[in-house]
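Just so it is clear, none of the values below were taken in a lab; they were calculated from the coordinates. Since we're looking at a predicted model, the values are computed, not measured. Methodologically, a virtual Cβ is constructed for each residue, glycine included, from the backbone with ideal geometry; neighbour enumeration extends over all protein chains shown.
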Amino acid sequence: MPPVLSIVGKSDSGKTTLIEKLIPELKRRGYRVGVVKHAHHGFDIDHKGKDSYRHRQAGADAVMIASPGQIAMIKDSPGESLDNLAPYFEDVDLLITEGFKKDRAPKIEIFRSQCHRRPACLKDDTLIAMVSDTPFDVELPRFGLDDIEAIAEFIVSVFLSIDKSSGKAAHFRN
């Protein structure tokens, strides 16, 4: 399984935007990246009347929709923990999650002082870095909101390296 890194923060702090900027930088460096978004209120990609919906209603435990170049799967899951989700990403070098504040994966928190008074995870022992528009009195690496190359370098140094002999990513955990 790939190493897992959770990008966390309170609502509207910029988690999606940070991930959206990190992905191309990590891809430019040769890494394959997967992402899992935590949906607190559920979601529905299978709409009433569609064939896949009808298959699920008939009792299928998993339904896959495939077209040239992409797939989507709807499958019953025992839970939303990363332990249940990470195995679906065995073909990537790094699994980035958005949210999952309560999970035990290493976390980088994004914090914007104009949106919130305090960060969400400062006392979490799995917090490994902060991305913010203001300094904090914590002994963790801190990056500015636009320090994408530096954040990517930190992620690579903590979680990944390229094996020079094979040209493939070697995974490390902190």
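Lys and Arg at +1, Asp and Glu at -1: add these up for the other residues within a Cβ distance under 12 Å of residue 11 and post the number.
Around residue 11, the surrounding residues sum to +2.
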A correct fewest-to-most ranking of 139, 153 by other Cβ atoms within 10 Å would be 139, 153
Here the Kirkwood hydrodynamic radius of the chain, Cα-based and in Å, equals 17.8
Taking Cα atoms only, helix 15-28 is inclined relative to the longest principal axis of the chain by an angle, in degrees rounded to 10, of 90
In deg cm²/dmol, rounded to the nearest 500, the helical mean residue ellipticity at 222 nm of the chain, built from -39500 (n - 2.57) for every DSSP H run of length 4 or more, is -6000 deg cm²/dmol
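Kindly rank 109-119, 72-82, 90-100, 58-68 from highest to lowest mean number of other beta carbons found within 10 Å of each residue.
Values: 109-119: 16.1, 72-82: 12.2, 90-100: 18.8, 58-68: 10.2.
Put in order of decreasing packing, that is 90-100, 109-119, 72-82, 58-68.
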When 146, 103 are arranged by how many other beta-carbons sit within 10 Å of their Cβ, fewest first, they go 146, 103
Taking N as the residue count of the range 2-101, its alpha carbon Rg divided by 2.2 N^0.38 Å gives 1.22
Once phi for every residue in the range 99-104 is put through the Karplus expression 6.51 cos²θ - 1.76 cosθ + 1.60 (θ = phi - 60°), the whole-Hz ³J(HN,Hα) values, with Gly and Pro written as x, are x, 6, 4, 8, 6, 8
Excluding residues fewer than 8 positions from residue 15 in its own chain, the lysines with Cα under 23 Å of it are 27, 37, 101, 102, 107, 123
Residues whose built amide H sits under 5 Å from the amide H of residue 35, excluding neighbours closer than 5 in sequence, are 96
Dipole check, the chain, charges on Cβ (K,R +1; D,E -1), about Cα centroid: among 58, 74, 11 the Cα furthest to the positive pole belongs to 58
Helix 148-159: inclination vs the chain longest Cα principal axis, degrees, rounded to 10, gives 80
For the chain, percent of DSSP beta bridges that are antiparallel (nearest 5) comes out at 30
Spelling it out for residue 160: with amide H atoms placed in the peptide plane at 1.01 Å from N, the residues 5 or more places away or on another chain with amide H under 5 Å from its amide H are 172
With x for Gly and Pro, the residue-by-residue ³J(HN,Hα) of the range 119-132, computed from phi through the Karplus equation 6.51 cos²θ - 1.76 cosθ + 1.60 at θ = phi - 60° and given in whole Hz, is x, 8, 10, 4, 9, 7, 6, 9, 6, 10, 6, 10, 10, 7
